[in-house]
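The values are calculated or read from the model by the stated rules, or taken from the named source; none is laboratory data. Predicted model only: the values in this text are computed from it and were never measured. FYI the Cβ positions are ideal-geometry reconstructions off the backbone, even for glycines, and counts take in every protein chain you see.
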Ligand SMILES: [Cu+2]
């Protein structure tokens, strides 16, 4: 069996769910015996709360700093130096360049001429790689790097009228 991202996420979910259920069962089974006065547990409870809060705050800051280099948006200057390609959505078609470059940062300037549409881009394996809304009177810049060469599919992602389901286009990445 191949370890897909979906399978990895599902495995992590199962492990976390098992830990959460185990914790709740442990708390429930330890909660027997006579009730105690609040004053008897207040000090240790407050200390536990303080430690827990500081631990969470430090973990959040560390996770933020570690994940910052993977931030998917490029800087304004990189955006300006990328090659821009116009994409127009209309009832019921897409006007999109027939060929786009592989392994190259590009920007698709997405707009619509009539009503709102959605632009969903699928790679040759049928996986969605990008999704953006196409709105009349507004240009939505979509930054992309196509990793795989081949035939890509574009589907409308927002119900836009009677022939919405026919609204599709293809382009080649090479
Ligand atoms: Cu549509």
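I'd like to know if the range 87-101 contains one or more residues that are under 18 Å from the mean Cα position of the chain (by Cα) and loosely packed, with under 15 Cβ neighbours inside 10 Å.
As a first pass, look at the range 87-101 and keep what is under 18 Å from the mean Cα position of the chain (by Cα): none.
There is no residue in the range 87-101 that is under 18 Å from the mean Cα position of the chain (by Cα) and loosely packed, with under 15 Cβ neighbours inside 10 Å.
Against the condition exposed (fewer than 14 other Cβ atoms within 10 Å of the Cβ), at pLDDT 95 or above and farther than 30 Å from residue 4 by Cα, how does residue 57 come out, does it pass?
Numbers: exposed (fewer than 14 other Cβ atoms within 10 Å of the Cβ): yes; at pLDDT 95 or above: yes; farther than 30 Å from residue 4 by Cα: yes.
When the stated conditions are applied, residue 57 passes them.
For residue 112, state whether it is in contact (Cβ under 8 Å) with a residue 12 or more places away in the chain, over 16 Å from residue 88 (Cα atoms), over 23 Å from the mean Cα position of the chain (by Cα) and within 13 Å of the ligand (Cβ to nearest atom).
Details: in contact (Cβ under 8 Å) with a residue 12 or more places away in the chain: yes; over 16 Å from residue 88 (Cα atoms): no; over 23 Å from the mean Cα position of the chain (by Cα): yes; within 13 Å of the ligand (Cβ to nearest atom): yes.
No, not satisfied.
For the range 135-174, which residues satisfy the criterion of being on the phi > 0 side of the Ramachandran plot and assigned to a strand (DSSP E or B)? Write out each step before concluding.
Within the range 135-174, the first condition is being on the phi > 0 side of the Ramachandran plot, and the residues that meet it are 137, 150, 161.
Residue satisfying the conditions is 150 alone.
Taking the conditions exactly as written (in contact (Cβ under 8 Å) with a residue 60 or more places away in the chain and under 26 Å from residue 5 (Cβ atoms)), does residue 143 satisfy them or not?
yes
Determine the pairs where a residue that is in the same structural domain as residue 131 (by TED's automatic domain parsing) and over 12 Å from residue 126 (Cα atoms), located within the range 148-162, has a partner that is near the ligand (Cβ under 7 Å from one of its atoms) and in a loop (DSSP other than H, G, I, E, B) with Cβ atoms under 6 Å apart, the partner being 6 or more residues away or on another chain.
So the pair list comes out as 156/167.
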